[in-house]
Amino acid sequence: GMLRGNVTYLNVYFSFRIREEGKDSIPDHPYLYESDVEISLVGGSCKSPVEKFWNGSSAMYILQKATHNEESDSIEESRTDDAVYASEVLPKESPGALALSVERAKQLISLYTMVQNPNMTCLGMSDLVVLPPLWARCDGSDPQHTCWIGAEPLKAGNKVTGLNIYMVSCDGPTADKTRFANLEELKMEHKIRHHSSIVTTKGFAQYELIAAAAIEDTIAESGSNICVDITWNGVEKILETPPLISAATLNIALESGDPRSPVFQLYRELQFLLALAEGLKTGVTEWPEPSESESALQLVQEFLTDLKKKLDGDYIFETKNETEKIKCDTAAVDSCIKSIFGERGDLDFTEQLWCKMKSKCVSSYQELIDCFTLVIKSLERGEIQPWIHQGSSSFLSQLIQQSYHGKMEDVSLSDITPIQMLLEVGLEKMKKDYVSFFIGEPDTCSLLFQDYFISTSVDLQEQVHRVQKLHHMLEIMVSCTGLLQFRHENLFPLTQICMKYYKENPLNEKHVFQLPIRPALVKKFYQNDNPEVWKVEISSGHGQKEVKTTWQVSTNAPVEHGTSNNSGFLSDSTVNGSSEERLYFITMTQCTQVQFT
């Protein structure tokens, strides 16, 4: 009677939750089952807590120990009001407190199995709903140190034909290689467990090529990471180095603004542009501290005097800046990178003005007005006849073109006008900077750019946002060139991948860009290195009958609730007195099939 009550309650509960929430929406917070278990439906954009050892359906139930709020004295009361607000799925305090005992988890998995079994007519349940997979956190209190138990329904159409039950055990961290499994024994164990005569093996390894080191004395760790994932068939031994015929994918996540980057100056220039854009939006501009050296006003004054002399001295204003233009041959990426260090060689009047006024200099709204007043006066008096790029559309460029004909409109340098004028000039200059890097020659800029990244048909704020995307792409290219010595034929596909992503998505420095590469390109990084993750997958059977055993080591804990003070998780930080050895967590996932038909 009690079992039946339990099962019916669980079934009604699960089915009710699913129907109420609708298949696509995910409830915001966990619900209490009985008094000790918290059930959450996780999915969609949520990070899956079991993704390190299972890649199945997107939505799943996570069962863990209920964390009671002090306020709710009566559990019974809260149970009737199904929607008890508990903590998030991954609380920040002590994840170790969330694990259920292995025994309790097995009990819940058994209930779930019964609920899904179409043959259990005695439970009086017609109209079965196929539920999402269920995963329960365990405390590792059994001899195998089980840290998760999962159950995944197997379907034929909309009918449940059976379940895969997963047991995940975790051990370590340890540097003791004698505790690592033996591949032949793993294969034999799998064959016996699943009565199979043939097994196939697949290897997976992940190597970090750069993990941006946290800057000393700061807790804030950079989110930058470049690593390579390698997969291959036919594993010969545990921890083997991947063969060169593997498939490799480069994963690049990069945050802009590393002071060690060759494009850091450009990043700072972009920050000034963003401050102006923010000022335009909110009416509050954060000006940089005045620099000790010359003020922007002095620099602009000298610049204009210089131009006036050139005009008086009867020499034509140079249409090219004196600095020799570095030709950027797309094949020789090195020269491209060098060209980022210096300014472009073809800066026009407005761009040079921006350089004089950018962040080191203009330190107040008033100074900005004073600078533009000087420029406009010089133009009105015909003292200068500056050269500007063809197609330049900023308000200042329009005034300059009018000055050629001796007719200029009146400009009132008040309110946001001066900020907008400077922002427009900076935007035009920076777009040209990025394009000249990506394309090599500013004038032969590809359609992809023209269409989207340098479009002037969207508002200024959106144009600024797109320039930020260009900068992020540039940081990625520079990192891959510097670190991996990538040549053009490798950079080109990466540029295409980044562009495609950024034409469809907002700026996201957490995004991981993935580039398929030949392992030989990064071989020197992983030949002598220890992997971050190394995994072997042993499988047999086909289609729904396929079963897998996986064994892996990883430098990071595969489960967040495996706390070191838990006797179930062994830790030996040094072995044989050597602390240099890498510490690995060992995780093993075994699967059992339950067939209902």
Checklist entry - So, in the range 530-551, of the ones that are in contact with a Leu (Cβ under 8 Å, 6 or more places away or on another chain) and surrounded by 19 or more Cβ atoms within 10 Å (Cβ to Cβ), which residue ends up modelled with the lowest pLDDT? => result 531
Item to check | Odd one out for residue 554 among (1) under 23 Å from the mean Cα position of the chain (by Cα); (2) farther than 30 Å from residue 198 by Cβ; (3) buried (at least 20 other Cβ atoms within 10 Å of the Cβ) | outcome: (2)
Checklist entry - Filtering the range 388-420 down to residues that are open to solvent by less than 30 Å² (accessible area, probe 1.4 Å), closer than 14 Å to residue 349 by Cα and touching a helix residue (DSSP H, G or I) at 6+ places or on another chain (Cβ under 7 Å), which residue is modelled with the lowest pLDDT? => result 392
Next on the checklist: I need every pair where a residue in the range 193-206 that is assigned by the TED database to the domain that holds residue 542 has its Cβ under 6 Å from the Cβ of a residue that is acidic (Asp, Glu) and in a strand (DSSP E or B), sequence separation at least 6 or different chains.
Outcome noted: 202/537; 206/229
Item to check | the range 228-244, residues that are in contact (Cβ under 8 Å) with a residue 60 or more places away in the chain and hydrophobic (A, V, I, L, M, F, W, C) | outcome: 228, 230, 235, 238, 239, 244
Checklist entry - Assuming residue 458 fulfils every condition listed in (1) modelled with pLDDT of 90 or more; (2) of a type in the set (A, V, I, L, M); (3) assigned to a helix (DSSP H, G or I) apart from one, which condition is it? => result (3)
Checklist entry - So which residues in the range 242-280 are small (Gly, Ala, Ser) and open to solvent by less than 50 Å² (accessible area, probe 1.4 Å), if there are any at all? => result 246, 248, 253, 256, 257, 261, 275, 277, 279
Checklist outcome for this item: Over the range 281-295, the set of residues in a loop (DSSP other than H, G, I, E, B) and loosely packed, with under 15 Cβ neighbours inside 10 Å is 283, 284, 286, 289, 290, 291, 292, 293, 294
Item to check | Any hit, the range 518-539, residues being assigned to a loop (DSSP other than H, G, I, E, B), at positive phi and over 23 Å from the mean Cα position of the chain (by Cα) | outcome: no
Item to check | Residues satisfying the stated conditions in the range 453-490, i.e. over 16 Å from residue 257 (Cα atoms) and among the basic types (Lys, Arg) | outcome: 466, 487
Item to check | Residue check for residue 468: assigned by the TED database to the domain that holds residue 271, exposed (fewer than 14 other Cβ atoms within 10 Å of the Cβ), at pLDDT 95 or above and within 27 Å of residue 356 (Cα to Cα) | outcome: no
Checklist entry - If we keep just the residues of the range 175-204 that are at pLDDT below 95 and of a type in the set (Gly, Ala, Ser), which is least open to solvent (accessible area, probe 1.4 Å)? => result 175
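Quick one: in the range 499-522, of everything that is among the hydrophobic types (A, V, I, L, M, F, W, C) and more than 23 Å from residue 47 (Cβ to Cβ), which residue is surrounded by the fewest Cβ atoms within 10 Å (Cβ to Cβ)?
Within the range 499-522, the match that is surrounded by the fewest Cβ atoms within 10 Å (Cβ to Cβ) is 520.
The values are calculated or read from the model by the stated rules, or taken from the named source; none is laboratory data. No experiment lies behind these values; they were computed from the predicted model shown. In this analysis, Cβ positions are derived from the backbone assuming ideal geometry, glycine residues included, and neighbour counts consider all displayed protein chains. Accessible surface areas use protein heavy atoms only, side chains included; no ligands, DNA or RNA. Shrake-Rupley method; radii C 1.70, N 1.55, O 1.52, S 1.80 Å.
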